[in-house]
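> I have a structure I would like to understand better, so I am pasting it below and will then ask my questions one at a time.
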């Protein structure tokens, strides 16, 4: 497949890099390795959203930031494996839509928690949600283009 055929996948892979960095940053913040990186005010308060003592920053013992890190890594690796594994290449439109769609649903759920339960937003979490939304839009574009090319 040429670059012109799958530019959306390459852009998704490129967007996964800042996503990985954001998720790793939030993971370090949640684990207490980074302190004082977020200044609290009435609207933006990462400590309340994703800090070490934030009640919604973990699902059981697993940090939400760690789940984001794994999700971004899966998206990046799927895009990379497209060039190396024929099965991944054959199902890439559906695979990427599934990965980014799951990430989008997860991000929407977290953003809803920020808006309706916590009452504050984490600017890094919002940036991550925007990245995921862009990835999802690109996945839909890739799926549509792939379907048009098959028909």
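> Kindly indicate whether residue 70 is surrounded by fewer than 21 Cβ atoms within 10 Å (Cβ to Cβ), part of a helix (DSSP H, G or I) and modelled with pLDDT of 95 or more.
In short, yes.
> Shifting gears a bit: For region 90-98, does any single residue satisfy the condition of being farther than 19 Å from residue 143 by Cβ and touching a helix residue (DSSP H, G or I) at 6+ places or on another chain (Cβ under 6 Å)?
For region 90-98, residues farther than 19 Å from residue 143 by Cβ and touching a helix residue (DSSP H, G or I) at 6+ places or on another chain (Cβ under 6 Å): absent.
> Please enumerate the residues belonging to region 112-148 that are in contact (Cβ under 8 Å) with a residue 40 or more places away in the chain, over 21 Å from residue 99 (Cα atoms), assigned to a helix (DSSP H, G or I) and over 16 Å from the mean Cα position of the chain (by Cα).
Those that are in contact (Cβ under 8 Å) with a residue 40 or more places away in the chain, over 21 Å from residue 99 (Cα atoms), assigned to a helix (DSSP H, G or I) and over 16 Å from the mean Cα position of the chain (by Cα): 113, 114, 117, 118.
> Checking the condition farther than 30 Å from residue 147 by Cα and in contact (Cβ under 8 Å) with a residue 24 or more places away in the chain, which residue from 72, 24 passes?
So the residue among 72, 24 that is farther than 30 Å from residue 147 by Cα and in contact (Cβ under 8 Å) with a residue 24 or more places away in the chain is 24.
> Can you give me the number of residues within region 99-111 that are in contact (Cβ under 8 Å) with a residue 12 or more places away in the chain and out of contact with any helix residue (DSSP H, G or I) (no Cβ under 9 Å at 6 or more places or on another chain)?
0
> Shifting gears a bit: Which of the residues spanning region 105-133 are more than 18 Å from residue 25 (Cα to Cα) and loosely packed, with under 15 Cβ neighbours inside 10 Å?
Correct list: 105, 108, 109, 112, 115, 116, 117, 119.
> Separate question: Going by the conditions given, is residue 103 over 13 Å from the mean Cα position of the chain (by Cα) and either at positive phi or outside any loop (DSSP other than H, G, I, E, B) (or both)?
On the way: over 13 Å from the mean Cα position of the chain (by Cα): no; either at positive phi or outside any loop (DSSP other than H, G, I, E, B) (or both): yes.
The answer is no for residue 103.
The values are calculated or read from the model by the stated rules, or taken from the named source; none is laboratory data. Keep in mind it's a predicted model, so treat the numbers as computed, not measured. Counting neighbours? That spans all protein chains shown, and the Cβs are built from the backbone with ideal geometry, glycine included.
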